[in-house]
Amino acid sequence: MSIEDKISPAFDPLLAERKSNEKIDAIVIYESPKLEDLPTLEELRSNKTRLSYLKERAKRQQAIQAQLFESYQTQGAKHFQSHEEPAIAQIGSGALPVAAVEVTRSSLPMLARHPNVVAILPNQRVRLIQPQDVSYELPDRQELEQGATWGLQYLEIPELWETTKGAGVRVAVLDTGVYGDHPALQDRVKEFVVIDPLGRTIKTSTSFDSDQHGTHVCGTIAGGQTPQGLAIGVAPEADLVVGGVLNGSGTTIALVRGLVWAVENGAQVINMSLGFSYYDPRFGLIFEELMQQYGIASVVAIGNSNHGNSCSPGNAYSAFAVGAVGRMSRNRADVAFFSSGASLVYPDPNHKLVTKPDIVAPGCNVYSCIPPEGESEGHEYAVMDGTSMATPHVSGAIALLMAAKPDVPTTAILEALCQTAKHPDGDKYRPDNRWGYGLIQPLEALRALNS
């Protein structure tokens, strides 16, 4: 791989007007250690086995890290003002082969020449994908009569509950946090942490949401029932581990630290509704590492910027990207006007064409829980529109299938969701950059996995 292939194109606008020795923060992805005996998915669910595996990975990475760190701190100094030593530090416990580094425009190519370096990404701003609309309306009469939100009904989730409700599966939500004391989330939030823009983890005695977004997402993934008996969560027995990575200003370093934290805490699915300031195809290498080493599905909202656009990291080649559909007349569903989607040719030697989203799910008029404070003025539930509302439907569906088929690889579960998805124009037109493979059919996916 050439030096240019290792350096993210997102550096270009960030470094364009900087002096050659002016430093900025970045993330380096380095060579992952090769372990011969990878634990099974079932073994990774065991806290003892997972921690032992993480410890062994960190031990194997030490030699790679030491060589990289020493080389960069020694040779990189001449590229900084006053020849100061560039800072470089591992992110988290070593669950992922990533480190936070300081780079300059002139030190960046030097770092990329190191044989153990796989990619370098800038530490850029990470923003919440804001809902397209928020209201505090009550659910409609049909939803109340049938006892489940329209999204759950449309995806036939109540039928799937006869087999699985997601028990034993951990879903990480990297978002604005969660109001864990909400009645609809009782006993569902198992771990909570706040991660600041510098990537530092902050433990708190209670979980909280700096917005409404994270709580709403958590409710769609694993919420219970409203006081009126309306089911809101796709996988009501799944466990949630929530990282508040978007408290005020988020950063790529905070997000990567959140991903490491999710691995450390046994996540099998990671739900994200966030985006970078600049397009960054190299971030897909981290999602690929999560899948290959841990069998973790990275489920990411594709964005609310309309057709012809997409949002990083949802447009990364290895992300399981989600678009939104809304309920139409005659029990039809159609892709929402705001739901993003695009086909991209990645700037790498293979010029790989990537079409996103991968699939779509209900993302309009989604009723879920929110904190009863702040902007909500005492309301405990709200209706929101957005690909952020579609993404937790998919994360919850994956949790259901993982619980029902614990021995099936995550890649096979995602493939089943794609291949059984319903596209209005038939199989020959998929995937496209509007529907992806189509609207997920979790019940059909389970039948396919059973066959």
Using +1 at the C-beta of Lys and Arg and -1 at the C-beta of Asp and Glu, which of 139, 232, 207 has the Cα lying farthest in the positive direction of the dipole of segment 137-265?
207
Given charges at beta-carbon only (K, R positive; D, E negative), |dipole| of segment 85-151 in Debye:
580
Give me the percent of DSSP beta bridges within the chain that run antiparallel, rounded to the nearest 5.
55
Could you give the nm distance between label points at residue 62 and residue 162, where each point is 7 Å from its Cα heading toward the beta carbon?
5.5
Can you compute the modelled spin-label distance between residue 106 and residue 353, with each label point 7 Å from Cα toward Cβ, in nm?
4.4
Efficiency by 1/(1 + (r/R0)^6): what FRET value for residue 450 and residue 328, r their Cβ-Cβ distance, R0 = 30 Å, to the nearest 0.05?
0.45
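So, R0 is 41 Å and r is the distance between the beta-carbons of residue 200 and residue 429; what FRET efficiency does that work out to, to 0.05?
Computed FRET efficiency for residue 200 and residue 429 comes out at 0.30.
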0 to 90° range, to nearest 10: angle between helix 252-264 axis and the chain longest Cα axis:
70
List the residues, sorted by chain then number, that are 5 or more residues from residue 423 or on another chain and whose placed amide H is less than 5 Å from its amide H.
439
Full extension between residue 186 and residue 277 adds, at 0.36 nm per residue less the Cα distance, a length in nm of 29.2 nm
Which angle between 0 and 90 degrees, to the nearest 10, do you get for helix 387-404 versus the longest principal axis of the chain when only C-alpha atoms count?
80
Whole-Hz couplings from phi, Karplus 6.51/-1.76/1.60, listed for segment 91-97; x for Gly and Pro
9, x, 7, x, 5, 10, x
Charge tally in the Cβ shell below 13 Å around residue 409, where Lys, Arg are +1 and Asp, Glu are -1, residue 409 excluded
-2
How much length would be gained if the chain were fully extended between residue 19 and residue 125, taking 0.36 nm per residue of separation minus their Cα-Cα distance, in nm to one decimal?
36.1 nm
From the cross-link list 352/428; 6/55; 203/405; 356/405, the entries with a Cα-Cα span beyond 31 Å are 203/405
Burial ranking of peptide ranges 394-403, 18-27 (average Cβ count within 10 Å, highest at the top)
394-403, 18-27
For the chain, the dipole about the Cα centre with charges only on Cβ (Lys and Arg +1, Asp and Glu -1), to the nearest 20 debye, works out at 980
Evaluate E = 1/(1 + (r/R0)^6) for residue 292 and residue 12, where r is the Cβ-Cβ distance and R0 equals 41 Å; express this FRET efficiency to the nearest 0.05.
0.90
Using amide H atoms built 1.01 Å from N in the peptide plane, name the residues 5+ places from residue 250, or on other chains, whose amide H lies under 5 Å from its own.
126
Tell me which of 339, 361, 298 sits at the most positive position along the dipole axis of the chain, charges placed on C-beta atoms (Lys, Arg +1; Asp, Glu -1).
298
Please arrange 181, 239 by accessible surface area, largest first, computed with a 1.4 Å probe and ligands excluded.
181, 239
Treat each spin label as a single point 7 Å out from the Cα along the C-beta direction, and report the residue 146 to residue 345 distance in nm.
4.4
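Contact order normalised by length for the chain, with contacts defined as Cα pairs under 8 Å and 6 or more residues apart; what percent is it?
17
Please work out how much length the chain gains when fully extended from residue 407 to residue 419, using 0.36 nm per residue of separation minus the C-alpha to C-alpha distance, in nm with one decimal.
So the extension gain works out to 2.4 nm.
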A student applying the Cα gyration tensor rule (rounded when a/c is under 1.5; otherwise prolate if a/b is larger than b/c, oblate if not) would label segment 258-347 oblate
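The values are calculated or read from the model by the stated rules, or taken from the named source; none is laboratory data. Note that the structure is a prediction, hence the values are computed from the model and not measured. Positions of Cβ are generated from backbone atoms using ideal geometry, with glycine treated the same way; all protein chains shown enter the neighbour counts. Areas reflect the complete protein model, heavy atoms only, side chains present, ligands, DNA and RNA absent. Shrake-Rupley method; radii C 1.70, N 1.55, O 1.52, S 1.80 Å.
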